[in-house]
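Written out below as structure tokens is the structure these notes cover.
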Amino acid sequence: MLRMRDVMRLYRTDSVETVALDGIDLDIAAGEFVAIMGPSGCGKSTLLNVIGLLDSPTGGSYVFDTTEVAGLGEAKLAEFRKANIGFIFQSFNLVDELTVRDNIELALLYHDVSARERRARTEEVMDRVGIAHRARHRPSQLSGGQQQRVAVARALVAAPKLILADEPTGNLDTNHGEEVMRMLQQLNGEGSTIVMVTHSPAHADYASRVVNMLDGRILQERRRAA
Amino acid sequence: MWRNYVTVAINALAKNRVYSVINLLGLAIGMAACLLILAFIRYETSFDRWLPDAENTYQFQTYFPNPRDGPPAFLQMASYVAEERLKKDFPQVESTVYVLSGSPTIVKDGKVATTEDYLIADGDLLSVINLPLLRGSKTALNAPDNAVLTHSEAIRQFGTDDVVGRTISLIQKGKTYDYRINAVLADLPKDSHLKINGVFRRDFTSYFAQEPEFLTCWGCQSGWIYAKLKPGTDPDTLNAQLPAWEKRNIPDENFGGTRYNTGDDADWKFVNVRDVHLGKAQAATMSPGNDRGTIATFAIIALLILSMAVVNFTNLATARAGKRAREVALRKVLGATRKQLIAQFVGESLLVALIAVVIALALSELLIRPFAAFLDADLTFDYVGSGGMLLPAIALVIIVGLLGGLYPAFFLSRFQPASVLKANKSSAETPGSGRLRSVLVVGQFAISIALIICTAVVYGQTVYARSVDPGYKRDHILQVDNLSRYQLIGRGEQLAERMKRIPGVVAVGRTDIGVATMNNSNSGVLVPGRTEPVTLGRYRVDAGFKDAMGLKVVAGRWFDPARPMDDQSTSFPETPAEIRALVARGSNVVVNEYAARKLGARNPQDVIGKTVRLGMGADYGEMPITIVGVVKDSRFRSVREPLDPIMFLGTREGTTHMVIRYDGDPATVRAGVERVWNQAVSDVPFEAKFSEAIVEDLYEAEERRAQIFAGFAILAVVIACLGLFGLAAFTAERRTKEIGIRKVLGARTLDIVRLLVWQFSRPVLVANLIAWPIAWWVMRDWLNGFDTRMALTPLPFLVAGGVALGIAVATIAGHAFKVARANPIKALRYE
């Protein structure tokens, strides 16, 4: 599904040049569940942002499906992202002023989808993650686990090819964390491709492949025995 | 404690420069507007308070509250005969004087020159109006042929103000009179209803020997009566005695067999000189007055603008409340009471108001001179004394500080420390505060939109007034004044003939009514079958008038010099025998359409050949007049004034103006006319104006009003936009996360911009719903003051709404683009 070769990401300020990604080679096939691990500052989140087209590499090649996306402009990237990628964040990033239903539907608002279909797909995905009974609630009225379910539902509703999760359990207690991981595993079982950044080895074990990073490079890759 | 508060307050101001600048600038503009308007209001209400003895000095005014015919009229002038009777009948009246305003020709070294604002007094004006003197004594006007000049006028005429004892010669009523200058007056300040360059005392009995009816006519309001009342006199008691006084003094007259008394329609009143400028009577004034309504309007608008600035202050304070939630929580945890917190925040707002007022005072000092020049007023800006600005400035600080600070203070001090600290939120938003902000923004834009509409309508009416079809051809006319001077009596026709021969001159007419001439002359006409007389304007014109003015005859014919019955010329002064012969003979007249309607005609043709009777005064009875023509209605005056029903009387002599229609170069024609005038008339100065310039002057007041409204509207819009800018900045900051989410979910920059722009456009659109009906109501009322007016179409309303929306969008678009283009990673990575 995606193929990265010698991907670089440099950050420059007036006096300092920071290498966030230093020659990343990475292939991810459709249907994989990849966990990215590593210490703070190793470049996990930068890699996830580059994969998610929220950030552009400063060097190298990145082919998504069959398209070279490394040099695309902002508008094209936005289009590509919209069509292919869903995001789940550590801090949920729900809009406080909107209800659960509206938060999920937001992801379809910028797609060419009729209101009726938006409604139907939102209901369906709420059922799927088990949050339908809180549809009219605001995020502030939900527990952390429930908020992350809403975030997952929002990532799913547009039926992306790839789901990116940035420490999805970082803000959750153990029970809720496990609950979210089980849900991601279930989604992967149903065919979704997932790339997740995590600090937790236990949660990494849910993935089919674990990529370890250090100082902007991939140190080691490990596949879980099927 | 307080040092800590001040430090925190100054740090808060310094840290949030955008908010501080918006608050300070908005408040300073609002306060400066208030201070300047206050200076203006003080000026307008200070008129004639400087006059020594003002409390006992009165003007005697004539009112026609419910005339039988035409609109109510309130005149500052009164009739000469009233002054005589006042002196006789009221012991409370210490002294009186009757003054006529004139611009007699002055003769100096054999040359003639024009004058302005010379008063001709029948008595000792200085014993009634205690005008300050620079030279000479208070007895300077104690006998006829005495005169006083103001300092400036003395310098203008003699090059020095050392003129006591000198002689000044004036041509009045065709004769040269020598006056001895006995005193020099200090120049009158602008805040006076009096406009005087010189006062010349004459004996009126001999002065009006050729027009003796002037001395006894109750209906001739030609000058002003001033009276000094004995100290302690209650003017209300005196005014209450006037109805009985008028019954005792005004004789009945007989008009067409009907009893008529001038007192039936008229009332009189003693008005203190300090109340004349803003008084009820604003017709027949010595200098233009003002009305309390206009001043109140300005005051209200200034307060509205200030309140808009206060709203910005409150709005931004509550919007940013979340930013200070942690500080409040910490202080509470450390033991601060709610009262102490309120005191702290109100203190901060007082500090902001204090800084703003200092800027406002500086702005006012800078702007007071141009503002005064624009208003043609002597505005002063002092800090202490009766007109001092220090106290109002302190009051502004307290009022604005409290108004702007109290709500945010209560709002901020309400935060519960536990929840604020636990939530660790950076942008806590209390429910309801957003709604209040929206309501306040709607209010601000409603004011701005209403002011833009007012500006558009006032300006539109000015344009309309200048361009509306007056019923005659108003352009390409040179109007020559001074034709009524005694020196020119009997020479008008010959002069007109010479003017016609000037190259470029197309037609020449002579008239009592021309382009916005001041003459106002009415007469009663008796129509067969009706008991009440019909009042018509009565103006003398010559045969050339129709072509010179471009009048259109709609029925019958215009005057024909070959027909004796078309001509009512008499010699000057008229002899009783002449008038009797004329009354016995009768005469032809031409009327306008409105007069024809007033005479009962359905269409103009109906009155042709009809004979009615024209009142010629008690001694002569009525003259039969036959209507031979009807001309299209013409607006000779401002569109503020109602259309005149006019009866034109044909004459060869005795008119006040000459109207010259020309084609070709105006300057060349004017030069030709002036040359001919100076050759023919050596003893009357040449004074002429182009019709275009006259019309320009006529609507200057409206134009000025439009400019004032425009100024206010700009201030209002600037302040409203400052507030919106601040709120947009705040919102963009608060919604950064949400916008990040939307972008990650696929929103384009344009989607985000649209979202934010719509959020801020909504209150502006809602504001229209409030502004439109209010502006419509106010402007309809204002337009009703004009006899003919532009249609109040939706256009100014839509334009104002559009302009406000456009400015609002432009204000926030910058913010919207900035946040919409920001990389969402930054917004989403950290909470």
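Here, each number is a calculation from the coordinates, and none is a lab measurement. The structure displayed is predicted, hence computed values, not measured ones. Reconstructed Cβ throughout: ideal geometry from the backbone, glycine too, with neighbour counts over all protein chains shown.
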Inset, instruction - Rounded to the nearest Å, what's the spacing between the alpha carbon centres of the range B:690-704 and the range B:1-53? Just the number, please. - result: 37
Legend entry - Average silhouette area of the range B:482-686, convex hull of alpha-carbon atoms, in square nanometres: 12.2
Inset, instruction - Mind listing the long-range amide H neighbours of B:ARG68? Cut-off is under 5 Å, sequence gap 5 or more, other chains count too, H placed in the peptide plane at 1.01 Å from N. - result: none
Inset, instruction - Quote to one decimal, in nm, the extra length available between B:ASP236 and B:ALA680 on full extension: 0.36 nm per residue of separation minus the C-alpha distance between them. - result: 154.3 nm
Inset, instruction - Output ³J(HN,Hα) for the range B:297-310: one whole-Hz value per residue in order, computed from phi by the Karplus curve 6.51 cos²θ - 1.76 cosθ + 1.60 with θ = phi - 60°, and x for Gly and Pro. - result: 4, 4, 4, 5, 5, 4, 5, 4, 5, 5, 5, 5, 5, 5
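Stretch B:ALA693-B:VAL333 to full length: gain in nm at 0.36 nm per residue minus the Cα-Cα span?
On the way: separation 360, 0.36 × 360 = 129.60 nm, distance 7.48 nm.
Working it through step by step, the gained length comes to 122.1 nm.
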Legend entry - Cα-centre dipole for the range B:531-581 with unit charges at Cβ (Lys and Arg positive, Asp and Glu negative), debye to 20: 160
Legend entry - Karplus-derived HN-Hα couplings along the range A:148-157 (A = 6.51, B = -1.76, C = 1.60, θ = phi - 60°), whole Hz, x at Gly and Pro: 5, 4, 4, 5, 5, 4, 5, 5, 7, 4
Inset, instruction - Would you please give the residues with an amide H less than 5 Å from that of A:VAL195, counting only those at least 5 places away or on a separate chain, with H modeled from the backbone geometry? - result: A:VAL34, A:ILE163, A:LEU164, A:ALA165
Legend entry - Under 5 Å, built H, 5+ apart or other chain: amide partners of B:LYS552: B:LYS632
Inset, instruction - Place a +1 charge on the Cβ of each Lys and Arg in the protein assembly as shown and a -1 charge on the Cβ of each Asp and Glu, then give the dipole magnitude about the Cα centre in debye, rounded to the nearest 20. - result: 3340
Legend entry - Inter-probe distance in nm under a simple model that places probes 7 Å from Cα toward Cβ, at B:ALA362 and A:ALA75: 4.6
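Report relative contact order for chain B in percent, whole number only (criteria: Cα-Cα under 8 Å, sequence separation at least 6). Walk me through the intermediate numbers first.
Details: 1496 pairs, mean separation 124.7, N = 831.
With pairs under 8 Å counted, the relative contact order is 15 percent.
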Inset, instruction - Among A:ARG222, A:ARG134, B:ARG748, B:ARG259, rank each residue by its count of other Cβ atoms within 10 Å, from fewest to most, as a rough exposure measure. - result: B:ARG259, A:ARG222, B:ARG748, A:ARG134
Inset, instruction - State the extension gain, in nm to one decimal, for the chain segment bounded by B:TYR620 and B:ILE579, taking 0.36 nm per residue of separation less the distance between their alpha-carbons. - result: 14.0 nm
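Is the shape of the range A:162-222 rounded, prolate or oblate, going by the alpha carbon gyration tensor and its root eigenvalues a ≥ b ≥ c, with a/c under 1.5 for rounded and a/b larger than b/c for prolate? Walk me through the intermediate numbers first.
Details: a/c = 2.01, a/b = 1.32, b/c = 1.53.
Judged from the Cα gyration tensor, the range A:162-222 comes out oblate (a/c at least 1.5, b/c at or above a/b).
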Inset, instruction - Go through the range A:202-207 residue by residue and turn each phi into a ³J(HN,Hα) via Karplus (6.51, -1.76, 1.60, θ = phi - 60°); whole Hz please, and just put x for glycine and proline. - result: 5, 6, 5, 5, 6, 7
Inset, instruction - Using label points projected 7 Å from each Cα along Cα→Cβ, tell me how many nm separate B:GLU55 and B:ASP252, to one decimal. - result: 4.5
Inset, instruction - Rank these for me by crowding, A:PHE80, B:PHE709, going from fewest to most other beta carbons within 10 Å. - result: A:PHE80, B:PHE709
Legend entry - Unit charges at the beta carbon, dipole of the range B:482-686: most positive-side option, B:ALA581, B:PHE636, B:TYR539: B:PHE636
Inset, instruction - Going by C-beta contacts inside 10 Å, put B:LYS108, B:LYS332 in order with the fewest on the left. - result: B:LYS108, B:LYS332
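Only helical DSSP H runs with n ≥ 4 go in: add -39500 (n - 2.57) per run for chain B, normalise by residue count and round the 222 nm mean residue ellipticity to 500 deg cm²/dmol. Numbers along the way, then the final one.
Details: 26 runs with 396 residues, N = 831.
Per the formula, -15500 deg cm²/dmol.
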Legend entry - Bins of 10 Å from zero: percent of alpha-carbon pairs in the range A:47-196: 11, 40, 35, 13, 1
Inset, instruction - Quick one: of B:LYS473/B:LYS552; A:LYS44/B:LYS737; B:LYS111/B:LYS689; A:LYS44/B:LYS743; B:LYS228/B:LYS269; B:LYS743/B:LYS826, which pairs are farther than 18 Å apart, Cα to Cα? - result: A:LYS44/B:LYS737; B:LYS111/B:LYS689; A:LYS44/B:LYS743
Legend entry - 0 to 90° range, to nearest 10: angle between helix B:576-585 axis and chain B longest Cα axis: 80
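Add +1 for every Lys or Arg and -1 for every Asp or Glu among the other residues with Cβ under 15 Å from the Cβ of B:HIS277, and state the total.
Charge balance near B:HIS277 sits at 0.
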Inset, instruction - Work out the FRET efficiency for B:ASP665 and B:CYS217 from their Cβ-Cβ distance, taking R0 = 30 Å, and round it to the nearest 0.05. - result: 0.05
Inset, instruction - For A:ARG12 paired with B:THR176, estimate the spin-label separation in nm (one decimal), with each label point 7 Å from Cα along the Cα-to-Cβ line. - result: 9.6
